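Structure, as structure tokens:
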Amino acid sequence: MSISAEAASLTYDKILFTYLGEKKPAIKDVHIDVSPGELVVFVGPSGCGKSTLLRIAAGLLFPERGRLLIDKKDMLKNPPEKRRIGWVPQSYALFEHLNVIENVEFGLKMEKAPKEKRDIEVERMLKLCRIEDIKNRSVRNLSGGQRQRVAMARALAISPRVLLLDEPLAALDPQLRIAIREDLQQMLTESGVTTLFVTHDQSEALALADKVVVLRNGIVEQIGSPEYLWNNPINDFVAEFLTNAITTDAKALDEDRAEILPGLVCSLNKKVKPGQAIRLALRKDDFTLSSDGVEAVITYCEYNGGVHHMKAETKDKRIIPISSNEDVALGTSVRVKVKDKVRITVIGE
Amino acid sequence: MSKTAKIQKDRVQSVGRFFAWFTAIICVTPIVLVFAVATTEVWQAGPWAGGFTMKWMVRGWQIISPYAWYSVKLALLTLFLNYIIGIPTSWVLARHRFPGRNVLIALTNIPIAVPGIAMGLALIITYPLLRRSGFLLAAGHLLYTLPFFIGALTPQLADPSVQDVESVAATLGANFYKRVVHVIYPKVKTSLLAATILVITLSMGEFNVSFFLFTAQNKTLPVELYSAYITGRIEVAGAITLCFLFFVVPAAIILERLGGVKVGQA
Amino acid sequence: MNKKTSQTIKIFSLSSIFPIMLCFLLFWPLLSLALQSLIDASGQITFQKYLEVLTSRHYLKAFLNTANLAVGSTLLALIICIPAAIYIEGKHGRDRRVLSVALSIPLSLPGIVIGFFVIITFGFTGVVPKLLELITGERRLNFAYTYYGLLLGYLYFQIPRVILTVRGAVAGISKDVIDSAKTLGASTFQVYLYVILPTLRPAIVSAASLSLATGFGAFGTAATLSRGYRVVPLEIAAAFTENFQPKAAGAMSIILILISTTILFGISKLTERSKIGKVVKKGAPV
């Protein structure tokens, strides 16, 4: 991946932020390091503070404590117009009274760049974001996907040191989301800019990120690459929210095997202390229907294109996720076992 | 709040705040001054220079009370006429699409384009015999207030959320009368109240048309106010103005607290 | 009679109420006024009165004065009310509510009261000249009865109108858009110039046309404050009540109505884009 010349490093250093009039802080003692050119995704449930973090980086909100370092310099004293950061809010906030070209060149106009330079940059951006064919259209009549790209082009045109994207795909139709996600990844890779990306969609996080930051209630739960978080969730929340797992208790039989419940034994993906009580993250691809295995009743079944995703409840009320080619009616009794060669994820470090 | 939080100010808002305070002070200071004028012994010497007194207020009220009551009666009559003509018009504008609807909307705005004196003049010339009865005064006030009444009421009536709730009520078995009482009225109550206060306030304060159409028996408060300005002592004029303000300013404040009057038509 | 027909009848009758009233109370009287001003002593139609009015130096000066006041007060009102409206429409703050109440008070005040305000502030016994006399020994800023006094009075009643008209549009400017502009490097001045004002343009035009029309028709303020600075409404009143020249009064009224209507409907027609309808708001007559 190419790293653009302007791409900066960014650090949230022990940030504490409370909204005016609220008692509970929105951001509590958050520390995040971002390397130049990295695509970092902030993910978490609504209200966890991810958009707030972006606004702090943009200069629109000011924390009571902590520092915001961009290229190792504390930027908190600088107003937004002096930070050279690209910010794309969820609403895209396009200038409705201008057309596409005028929107994209806005930042360049503000810094009073000469006309030739502006034209070149704007052309480059239009090409990068694939909006050349609509460049003279008024922004008012554009589709969601087109607006998103114009907003991106506008932010990138100023060669920002950091790019902040607040739920850029949330406003789009589900169909569109996946297609534009691909475009987005290409655009970001080509431009090489350091990007902070906020989403509440965990599949987006896993698909796009170099690094994922999982947030809840203003606190960082865990930071790591998507693969690392998938295989090493630090707690139940990360496992459930980020990887769609069902968390449950188990007892370690030896270093790498555990008993989930009588009749259901599995291998583990890392070594544990024998006899220890541990938490496991169960995923639907880990389990299958079989003739031998533990008894359970199907409580949920949905078709997901090619396979069926199901949930089954055992006698002691534990829920097991299953994926299978068969379609099974609700209420059917089945037997469930761990798929061969699968190692169940252990929660915790 | 920590140092960093205070350093940045939203400068766009700061400019706005300066002008907002500047303008607000311009608006409010004169009222304070009127109070000073009305309660000073001798205004010539300066505010409260000769002492504080209520005697001008007493004198002022004596002079204008018959006219104040006349203005109130006229305002209520105007309000009544507004209800009769304005509510059906608002209703039909809010709920139906029909050819000529835009024409009707434009018509409801026409009285605003006609200066008050021209209206008064036209009415006198056309119906000279009606002048005695005060009917012309009512007509002038009606013309003047209707566009505002309709403008305040129609948007609420046309609000899709109001219509949705009404439709649901209909599917649940409520007939028209029940729907009006239980669904529509509660939802438009605020706008109706705002429109009512607006009409009364505008009518009480109307001068341009009233100046042309008044007679000895049908004289409104503002017209008498004008006489006081031209002929009376400044302290008495101030006292009468203060009485007038008592009628009008609280209503304006209530109106604003009700959410202001919505601008525009549906 | 089926449902559709009965509904059509209902709509027709409801929607006719207002126009019928308007015919009796406005159109017919205005028509009479116009006719009266067009017919001379011998009963023939003539534009003579209009010519007289339009060519008389006295009346022309009045028209110019009126235009002067209307335009001047509108411009000043726009300059101070647009930023003020932007601030009041912000989200938090107790002071915003207080301010918006304060700014709407003049809405219901008739022009004569506003004239009185100017007198007690800047008149011969007004507070400001008195204050300045105390400080500098000279009675200054005693301008109540001059052009500037009138301008101030007109400005006072334009304020709530402009604010009301502009406020709605300001509420529609999303904070995100302003924040975006800032992150793109716009200074405060650039935000106003390139984002806020262009977005507000339709509302500003509406407010301006409303203010201008009202300014032309304003009577009470001038009646109270004018000592020699004549405006058209004053001339109309004088022509009718003092000089017994109803035809001249009628002619001037018709001209004034034409000017007023053209401003109000003409400008909004020119700039009308959407079907939202005309933004109209006006307070007490002035």
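The values are calculated or read from the model by the stated rules, or taken from the named source; none is laboratory data. Predicted, not measured: the structure shown is a model, and the values here were computed from it. Counting neighbours? That spans all protein chains shown, and the Cβs are built from the backbone with ideal geometry, glycine included.
Put simply, of B:ALA216, B:ALA195 the only residue that is at pLDDT 85 or above and not aromatic (Phe, Trp, Tyr) is B:ALA195.
Go through the range A:57-85 residue by residue and tally those that are under 13 Å from C:ASP179 (Cβ atoms) and not aliphatic (A, V, I, L, M).
Within the range A:57-85, residues that are under 13 Å from C:ASP179 (Cβ atoms) and not aliphatic (A, V, I, L, M) number 5.
Of the helices (runs of 4 or more DSSP H) lying entirely inside the range B:176-266, the ones with 3 or more residues being in contact (Cβ under 8 Å) with a residue 40 or more places away in the chain are found at B:185-205, B:208-213, B:221-231, B:234-257.
Give me the residue from the range A:177-202 that is hydroxyl-bearing (Ser, Thr, Tyr) and modelled with pLDDT under 90 and, out of that set, farthest from A:CYS48 (Cα to Cα). Before you say what the answer is, go through the steps one by one.
Of all residues in the range A:177-202, those hydroxyl-bearing (Ser, Thr, Tyr) come to A:189, A:191, A:194-195, A:199.
If we keep only those that are modelled with pLDDT under 90 as well, we get A:189, A:191.
Working: A:THR189: 27, A:SER191: 29 Å.
Ranking the qualifying residues of the range A:177-202, first place goes to A:SER191.
Scanning the range C:110-128 for residues that are of a type in the set (A, V, I, L, M), more than 7 Å from chain B (Cβ to nearest Cβ) and closer than 24 Å to C:THR214 by Cα returns C:ILE114, C:VAL118, C:ILE119. Restricting attention to the range C:140-187, the residues that are polar (S, T, N, Q), within 14 Å of chain A (Cβ to nearest Cβ) and surrounded by fewer than 17 Cβ atoms within 10 Å (Cβ to Cβ) total 2.
Here are B:LEU225, B:LEU202, B:LEU213: which of them is in contact with a Gly (Cβ under 7 Å, 6 or more places away or on another chain), within 12 Å of chain C (Cβ to nearest Cβ) and buried (at least 17 other Cβ atoms within 10 Å of the Cβ)? Spell out how you get there, then give the answer.
Details: B:LEU225 fails: in contact with a Gly (Cβ under 7 Å, 6 or more places away or on another chain); B:LEU202 fails: in contact with a Gly (Cβ under 7 Å, 6 or more places away or on another chain).
Of B:LEU225, B:LEU202, B:LEU213, the one residue that is in contact with a Gly (Cβ under 7 Å, 6 or more places away or on another chain), within 12 Å of chain C (Cβ to nearest Cβ) and buried (at least 17 other Cβ atoms within 10 Å of the Cβ) is B:LEU213.
Would you check which residues across the range C:129-139 are more than 10 Å from every other protein chain (Cβ to nearest Cβ) and not basic (Lys, Arg) and list them? C:PRO129, C:LEU132, C:ILE135, C:THR136, C:GLY137, C:GLU138 - these are the residues of the range C:129-139 that are more than 10 Å from every other protein chain (Cβ to nearest Cβ) and not basic (Lys, Arg). Among residues of the range C:219-262 being more than 8 Å from chain B (Cβ to nearest Cβ) and among the small types (Gly, Ala, Ser), the one that is nearest to B:VAL114 (Cα to Cα) is C:ALA251.
Tell me which helices (runs of 4 or more DSSP H) are completely within the range A:100-176 and hold 1 or more residues being buried (at least 21 other Cβ atoms within 10 Å of the Cβ) and of a type in the set (Lys, Arg), or say none if there are none. Full working, then the answer.
Values: elements: A:100-104, A:106-110, A:115-128, A:144-156.
Those helices (runs of 4 or more DSSP H) span A:144-156.
Select, from A:LEU76, A:LEU94, A:LEU16, A:LEU60, the only residue that is within 23 Å of A:LEU188 (Cα to Cα) and of a type outside the set (Ser, Thr, Tyr). Checking each option against the conditions leaves just A:LEU94. Can you run down the residue pairs with Cβ atoms below 6 Å, 6 or more apart or on separate chains, where the first is in the range A:148-161 and closer than 22 Å to A:LYS82 by Cβ and the partner is among the small types (Gly, Ala, Ser) and assigned to a loop (DSSP other than H, G, I, E, B)? Qualifying pairs under 6 Å: A:ARG161/A:ALA8.
Going through A:GLY331, A:GLY263 one at a time, which residue ends up being exposed (fewer than 13 other Cβ atoms within 10 Å of the Cβ), outside the structural domain of A:ILE223 (by TED's automatic domain parsing) and either of a type in the set (Gly, Ala, Ser) or within 29 Å of the chain's Cα centre (by Cα) (or both)? Full working, then the answer.
Working: A:GLY263 fails: exposed (fewer than 13 other Cβ atoms within 10 Å of the Cβ).
Every option except A:GLY331 fails the conditions.
Kindly indicate the residue of the range A:334-349 that is part of a loop (DSSP other than H, G, I, E, B) and among the basic types (Lys, Arg) and also surrounded by the fewest Cβ atoms within 10 Å (Cβ to Cβ) among those meeting that condition.
Going through the range A:334-349, the residues part of a loop (DSSP other than H, G, I, E, B) turn out to be A:339-342, A:347-349.
Within this subset, residues satisfying the condition of being among the basic types (Lys, Arg) are A:339, A:341.
On the way: A:LYS339: 13, A:LYS341: 6.
Residue satisfying both the conditions and the ranking: A:LYS341.
Evaluated against (1) farther than 29 Å from C:GLY217 by Cα; (2) more than 10 Å from chain C (Cβ to nearest Cβ); (3) loosely packed, with under 15 Cβ neighbours inside 10 Å, B:LEU76 falls short on exactly one condition, (1).
Exactly one residue among B:ARG257, B:ARG233 is more than 26 Å from B:LEU121 (Cβ to Cβ) and within 9 Å of chain C (Cβ to nearest Cβ), and that residue is B:ARG257. Note on the range A:299-319: residues that are in contact with an Asp or Glu (Cβ under 8 Å, 6 or more places away or on another chain) and either closer than 14 Å to A:LEU264 by Cα or hydrophobic (A, V, I, L, M, F, W, C) (or both) total 5. Among the residues of the range C:112-163, those identified as farther than 19 Å from C:GLY72 by Cα and in contact with a Lys or Arg (Cβ under 6 Å, 6 or more places away or on another chain) are C:PRO129, C:LEU132, C:GLU133.
Looking only at the range B:93-116, filter to residues that are among the small types (Gly, Ala, Ser) and in contact (Cβ under 8 Å) with a residue 12 or more places away in the chain; which one of those is nearest to the other protein chains (Cβ to nearest Cβ)?
Restricting attention to the range B:93-116, the residues satisfying the condition of being among the small types (Gly, Ala, Ser) are B:94, B:100, B:106, B:113, B:116.
Right, trim to in contact (Cβ under 8 Å) with a residue 12 or more places away in the chain and you get B:94, B:116.
Details: B:ALA94: 11, B:GLY116: 4 Å.
Per the criteria, the residue is B:GLY116.
Yes/no per residue for (1) without any contact (Cβ under 8 Å) to a residue 12 or more places away in the chain; (2) within 26 Å of the chain's Cα centre (by Cα); (3) surrounded by 14 or more Cβ atoms within 10 Å (Cβ to Cβ):
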| site | (1), (2), (3) |
| --- | --- |
| B:ARG132 | no, yes, no |
| B:PRO147 | no, yes, yes |
| B:LEU153 | no, yes, yes |
| B:PRO160 | yes, no, no |
| B:VAL165 | no, no, yes |
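Scanning the range C:43-64 for residues that are polar (S, T, N, Q), surrounded by fewer than 24 Cβ atoms within 10 Å (Cβ to Cβ) and touching a strand residue (DSSP E or B) at 6+ places or on another chain (Cβ under 8 Å) turns up at least one hit.
Within the range B:139-169, the set of residues being of a type in the set (Gly, Ala, Ser) and either more than 10 Å from every other protein chain (Cβ to nearest Cβ) or in contact with a Ser or Thr (Cβ under 8 Å, 6 or more places away or on another chain) (or both) comprises B:GLY140, B:GLY151, B:ALA152, B:ALA158, B:SER161, B:SER167, B:ALA169. The residues on offer are B:SER167, B:SER191, B:SER203, B:SER227, and the sole one that is hydroxyl-bearing (Ser, Thr, Tyr) and within 29 Å of B:VAL42 (Cβ to Cβ) is B:SER227.
Here the condition is being in contact (Cβ under 8 Å) with a residue 12 or more places away in the chain, more than 30 Å from C:LEU200 (Cβ to Cβ), surrounded by fewer than 17 Cβ atoms within 10 Å (Cβ to Cβ) and not basic (Lys, Arg); of A:PRO63, A:PRO45, it holds for A:PRO45 alone.
Can we say B:SER167 is under 25 Å from B:LEU258 (Cβ atoms) and assigned to a helix (DSSP H, G or I)? Working first, answer last.
On the way: under 25 Å from B:LEU258 (Cβ atoms): no; assigned to a helix (DSSP H, G or I): yes.
For B:SER167, the condition - under 25 Å from B:LEU258 (Cβ atoms) and assigned to a helix (DSSP H, G or I) - is not met.
The set of residues in the range C:15-44 that are among the polar types (S, T, N, Q), closer than 16 Å to B:GLY120 by Cβ and at the interface with another protein chain (Cβ under 9 Å from one of its Cβ atoms) comprises C:SER32, C:GLN36.
B:ARG131 meets all of the listed conditions (1) within 7 Å of chain C (Cβ to nearest Cβ); (2) closer than 26 Å to B:THR215 by Cα but one, namely (1).
Looking only at residues in the range A:67-95 that are closer than 20 Å to B:VAL12 by Cβ and surrounded by fewer than 16 Cβ atoms within 10 Å (Cβ to Cβ), which one is nearest to the other protein chains (Cβ to nearest Cβ)? In this case the residue turns out to be A:LYS77.
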